[in-house]
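Asks: Got a structure for you, written out below as structure tokens; questions coming shortly.
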Amino acid sequence: MDKLCYLERINDVLLFFLQKTYYGKHSAYFKQNAYLALNKFLQSMNTGTVKFYNDSKGFGFIKDASSSNEYFVHSSGLKDNIQENDEVTFDLQEGRKGLNAVNVKLV
């Protein structure tokens, strides 16, 4: 599932929740903060494809779907077992030699 699908689903849920829950002078404030949190979440969620992964050595590379950049991934950053050509979601974290993929999960 891509970011747009997540955005549409979460947006529908937020609208339903906020419309049913808050009426009054603070409703605009809560809606604005909910959308800011949603936007931050969506920007932090990356999707990509495992280009290479060596299970015995515990490292590989993930190609970002939106930017085509490749990121190093170590077995310590995996939430699920991965193989080459798997579709994954991941976060980015600064490593010794650049950005690394962490919290890698299968889609």
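The values are calculated or read from the model by the stated rules, or taken from the named source; none is laboratory data. This structure is a prediction, so every number in the text was calculated from the model and none was measured. With ideal geometry, Cβ positions are generated from the backbone for all residues, glycine too; neighbour counts draw on all protein chains shown.
Asks: Which ones in the range 44-69 are in a strand (DSSP E or B), at pLDDT 95 or above and either in contact with a Lys or Arg (Cβ under 7 Å, 6 or more places away or on another chain) or exposed (fewer than 15 other Cβ atoms within 10 Å of the Cβ) (or both)?
Replies: From the range 44-69, those in a strand (DSSP E or B) are 46-54, 59-64; that's our starting set.
Restricting the remaining residues to those that are at pLDDT 95 or above gives 49-54, 59-63.
Across the range 44-69, the qualifying residues are Thr49, Lys51, Phe52, Asn54, Phe61, Ile62, Lys63.
Asks: What number of residues in the range 70-107 are part of a loop (DSSP other than H, G, I, E, B) and either over 15 Å from Met45 (Cα atoms) or touching a helix residue (DSSP H, G or I) at 6+ places or on another chain (Cβ under 7 Å) (or both)? Give the derivation first.
Replies: Initially, the range 70-107 is screened for residues part of a loop (DSSP other than H, G, I, E, B), giving 79-86, 96-97, 107.
Applying the additional criterion that residues be either over 15 Å from Met45 (Cα atoms) or touching a helix residue (DSSP H, G or I) at 6+ places or on another chain (Cβ under 7 Å) (or both) yields 80-86, 96-97.
Counting residues in the range 70-107 that are part of a loop (DSSP other than H, G, I, E, B) and either over 15 Å from Met45 (Cα atoms) or touching a helix residue (DSSP H, G or I) at 6+ places or on another chain (Cβ under 7 Å) (or both) gives 9.
Asks: Report the residue count in the range 51-74 for those that are in contact with a strand residue (DSSP E or B) (Cβ under 7 Å, 6 or more places away or on another chain) and of a type in the set (Gly, Ala, Ser). I'd like the intermediate steps shown before the answer.
Replies: Pass one, the range 51-74, residues in contact with a strand residue (DSSP E or B) (Cβ under 7 Å, 6 or more places away or on another chain): 51-54, 58-65, 70-74.
Imposing the further condition that a residue be of a type in the set (Gly, Ala, Ser) reduces the set to 58, 60, 65.
Qualifying residue count, the range 51-74: 3.
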